[in-house]
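Step one of this worksheet: look at the structure below.
The values are calculated or read from the model by the stated rules, or taken from the named source; none is laboratory data. None of the values given here were measured: they were computed from a predicted structure. A quick note on method: Cβ atoms are made from the backbone with ideal geometry, for glycine too, and the neighbour counts reach across all protein chains shown.
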Amino acid sequence: MGSLAEASTLPYWQVNVPPEEREDECPPYLLSAQGKDAEILGTPDSEYQRMSWPELQGHIAKNRLDIFQRTPIELRRYFAFNYKIKMKYGSVMNFVLGEKLHWKHPIVADGKPFEKDSDLSVKRNDWPYGIDERISHLVVWTKFPLEEDPKMGRDLTDRQRKQIDDYVEKTFRVHCGNDNVIWFRNWASLKSVHAVEHFHVMLFNADQEFLDKITGGDVPISEMV
């Protein structure tokens, strides 16, 4: 649906769209795309290089979470889906709470952090990044807040990091191996859902049976729409 040379002559919302389907005006769901997002949308999908597992590990180790991005076509679909969700539910948070997690608002934890399973929910990332397709992207949603250190620019405290790492160890590493598991928590500016606390877990070459068990058989929305 277009070469790099052709894409350079098109507005970002027309790239990766068949000529007969291109719109003269930017569709409403893409009006909010700016900067990095507009640049990605304006890139031919065929030019996109998926991130490898070693590359992903390196970026997380350096806290370069801003490098993560979706493929151009998936980013377009992500914008379109979120636009519809906001129109129907009022916000992405309402959708996540009501349709994904089935938690009531306001969110109240049943115990201390990581004390009760009912305070956590592991789901597939509905719109994963443009990474090696052998990598499974999970989101661990929590009813409790994650402790931040204001002196570290709202990064997690050492105590909170250890709690998360201990949880990741017993929940994921013992099943998938140390070298096949990595976790991170997005910066506030990079979060797509702010009101429900969560962190991310990436698994390399994970067994489908384990994924189904840990997520309750959850399927990414991107695979269903």
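Before moving on, here are some points about what is shown:
- Leading residue by the ranking (surrounded by the fewest Cβ atoms within 10 Å (Cβ to Cβ)) among those in segment 150-185 that are over 19 Å from Trp53 (Cα atoms) and polar (S, T, N, Q): Thr157
- Residue in segment 43-54 that is part of a loop (DSSP other than H, G, I, E, B), hydroxyl-bearing (Ser, Thr, Tyr), out of contact with any helix residue (DSSP H, G or I) (no Cβ under 8 Å at 6 or more places or on another chain) and over 27 Å from Val219 (Cβ atoms) present: no
- Some residue of segment 61-68 being of a type outside the set (D, E, K, R) and part of a loop (DSSP other than H, G, I, E, B): yes
- Among residues of segment 127-159, those that are polar (S, T, N, Q) and either on the phi > 0 side of the Ramachandran plot or not assigned by TED's automatic domain parsing to the domain that holds His175 (or both), counted: 0
- In segment 1-27, the residues that are surrounded by 11 or more Cβ atoms within 10 Å (Cβ to Cβ) and either in a helix (DSSP H, G or I) or among the aliphatic types (A, V, I, L, M) (or both): Met1, Leu4, Glu6, Ala7, Leu10, Tyr12, Trp13, Gln14, Val15, Val17
- Among (1) surrounded by fewer than 16 Cβ atoms within 10 Å (Cβ to Cβ); (2) at positive phi; (3) assigned by TED's automatic domain parsing to the domain that holds Asp179 - the single one His105 does not satisfy: (2)
- Residue that is nearest to Asn82 (Cα to Cα) [pool: residues in segment 38-71 that are buried (at least 18 other Cβ atoms within 10 Å of the Cβ) and without any contact (Cβ under 8 Å) to a residue 40 or more places away in the chain]: Leu41
- Qualifying positions in segment 161-184 - under 21 Å from His59 (Cβ atoms), of a type outside the set (A, V, I, L, M, F, W, C) and outside any loop (DSSP other than H, G, I, E, B): Arg161, Asp165, Arg173, Asn178, Asp179, Asn180
To keep it simple, each residue is scored yes or no on (1) in contact (Cβ under 8 Å) with a residue 60 or more places away in the chain; (2) over 25 Å from Gln34 (Cα atoms); (3) more than 20 Å from the chain's Cα centre (by Cα).
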site	(1), (2), (3)
Ser121	no, yes, no
Asp126	yes, no, no
Tyr129	yes, no, no
Arg134	yes, yes, no
Val168	no, yes, no
Cys176	no, yes, yes
Pro220	yes, yes, no
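- Test: residue in segment 123-138 that is modelled with pLDDT of 95 or more, within 25 Å of Asp212 (Cα to Cα), in contact with a Phe, Trp or Tyr (Cβ under 9 Å, 6 or more places away or on another chain) and in a helix (DSSP H, G or I): no
- Residue in segment 92-99 that is in contact (Cβ under 8 Å) with a residue 24 or more places away in the chain, assigned by TED's automatic domain parsing to the domain that holds Gly216, surrounded by fewer than 12 Cβ atoms within 10 Å (Cβ to Cβ) and within 30 Å of Asp119 (Cβ to Cβ) present: no
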